[in-house]
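Rule-based calculations on the coordinates, nothing more; no lab input. Quick caveat: nothing in here was measured; it's all calculated off a predicted structure. Glycine gets a Cβ as well: all are built from the backbone with ideal geometry, and neighbour counts include every protein chain shown.
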Amino acid sequence: MANNILNFSLADFFYNDNPDVLGTPLDFEKWINHSDVRKSFSFFEQEILEAPRVSTRIRSKLDGKVRKVINLTSYNYLGLSTHPEVIAATKAALDKYGLGSSGAPLLSGTFDIHTEFARRLAEFKLKEDCILYSSGLGANVGAIQGIMRKGDYLILDEKCHKSLIDGGNLSGAKMLFFTHNDMKNLELMLEKAKGKRTLVVVEGVYSMDGDLPRLTEILELCEIYRAGSYIDEAHSTLIFGENGRGVAEHFGVEDRIGISFGTLSKSFGGVGGFVCSNKPLIRYLKGYSSPWNFSCAPSPAVIGGLMKALDVATRDSSLRDTLWANVNYMRNGLKGMGLNLGESESQVIPIIIGHSGEKLMGYAESMQKRGLFLQPVDFPAVPAYSRRFRISISSQLSRNEMDETLSIIEDVIIKGFR
Ligand SMILES: Cc1ncc(COP(=O)(O)O)c(C=O)c1O
């Protein structure tokens, strides 16, 4: 093992060969304590010392130093997490309702502010009803697990988020995966599921690649095969579409989407998740969705802030417009250097480095030491041949910060300065 230790990853330690159930897999400690592996893990769980603004400070685990950095890893795409009106609304809700909901939604955790926010989200997404969860992951797991049953078929794009897969596993439905955005392969899977209750699951913006689903064609196939559709708009809500309603609005197909999911932790700047659909289905789901039924409702203080975030992001298009101007500026700058940006069409832009984990980590270290907080994305999160950085563009980036970012990336990745 010592010779090729860097070829190992967490994927190799999923199954535990230690007979002691409280022990770790036999080679795990040796692997995780190897200096190179420790170094690669030092990019993760670094402490952010201030709000997740574009300009923030972190305590770097690389050398323990506190650094002022340009933050390109946050999902605070519209800066709403620190928007003054959002903060004021959060404080007002905190004063009125206190910190927590202190109960599951079914029993004592539903406040008037939850009902109002769910109503407004349903209205925003042009659906009849909405269910709120304390996390986006919980919402995906809970919705899939609450709707799908043994004997049903769940067909997912192979690049779907883990929460959707976990929901499928819990539900007992038969899961089939189709090659990313490949309509022929999707049709093959629909043929396999023919005659069964079937739900097709895709994302609005794929989170590792920043590309979009071929939504119109996917929905056509769903209609031919009488399958339902579920779209995870985690990274597209408030960003795509003329009114910010997401990729379904962007493609003009909102009325053909069966179930629409969104998270409140990304563009909204808070935490939580929601699922919108027809009224009877949401009513039914509430009976069987454990993360709703058996878990505390979202904090009312956060809901107060989120309600204001929805207002701010939708009262005009200014934040979205600035975001898209920044996306275009950064994409042009990165493309101009000849970097491989994959198929990104969104504010999520990968810089694909390739197979070398050593290069990826070396670049990551140099960029961080120069003041760029940009996380490496390694196998198994992405295939080993396409290790990458993933840039999250924010509407808050100034021209100076973008130029500084581009110059650091050029120095480190193109010119090889360390
Ligand atoms: C596509 C997608 N869906 C769902 C989630 C889960 O959302 P949350 O982080 O709000 O729990 C994520 C989070 O990374 C995501 O990228």
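Annotations for the structure displayed:
- Whole-Å distance, taken between Cα centres, linking segment 123-142 and segment 240-267: 12 Å
- Length added when fully stretched, R315-K68, from 0.36 nm per residue minus Cα-Cα: 85.6 nm
- ³J(HN,Hα) computed for each position of segment 228-242 - Karplus, 6.51 cos²θ - 1.76 cosθ + 1.60, integer Hz, glycine/proline x: x, 10, 9, 10, 8, 9, 3, 9, 10, 5, 6, 10, 9, x, 4
- Here the contact order of the chain, divided by its residue count and restricted to Cα pairs under 8 Å and six or more residues apart, works out to 21 percent.
- Largest GNM mean-square fluctuation across A309, A301, A11, computed for the chain with C-alpha springs under 10 Å, falls on A11.
- Amide N proximity, segment 295-326 versus K91 label position 7 Å along Cα-to-Cβ, cut-off under 12 Å: none
- Calculated [θ] (222 nm, deg cm²/dmol) that DSSP helices of n ≥ 4 give over the chain, each run adding -39,500 (n - 2.57): -11000 deg cm²/dmol
- Extension gain for the segment R119 to Y288, taken as residue separation times 0.36 nm less the Cα-Cα distance, is 58.8 nm to one decimal.
- Here the 3J(HN,Hα) profile of segment 159-172, calculated from phi with Karplus coefficients 6.51, -1.76 and 1.60 at θ = phi - 60°, is 9, 5, 5, 4, 4, 6, 5, 4, x, x, 4, 5, 6, x Hz, Gly and Pro shown as x.
- When the pairs K266/K415; K96/K308; K39/K68; K162/K308 are compared against a 25 Å limit on Cα-Cα distance, K266/K415; K162/K308 fall above it.
- Inter-site label distance for T82 and D12 at 7 Å from Cα along Cβ, in nm: 4.1 nm
- Candidate aspartates and glutamates - alpha carbon under 12 Å from K125, same-chain residues fewer than 8 apart omitted: E233, E249, E254, D255
- The distance between label points at L126 and N328 comes to 2.5 nm (points 7 Å beyond Cα on the Cα→Cβ vector).
- Distant-in-sequence amide contacts of G354, defined by a placed amide H-H separation under 5 Å and a gap of 5 or more residues or a different chain, comprise R387.
- Within segment 93-171, trypsin sites (Lys or Arg not before Pro) in DSSP loop having at most 11 other beta-carbon neighbours inside 10 Å: K150
- Net length gained if the chain between K184 and L26 were fully extended (0.36 nm per residue, minus Cα distance): 52.6 nm
- Spacing of the two label points (7 Å from each Cα toward its C-beta) at L99 and E404, in nm: 3.4 nm
- Of every Cα-Cα pair in the chain, the percent that sits beyond 27 Å: 55 percent
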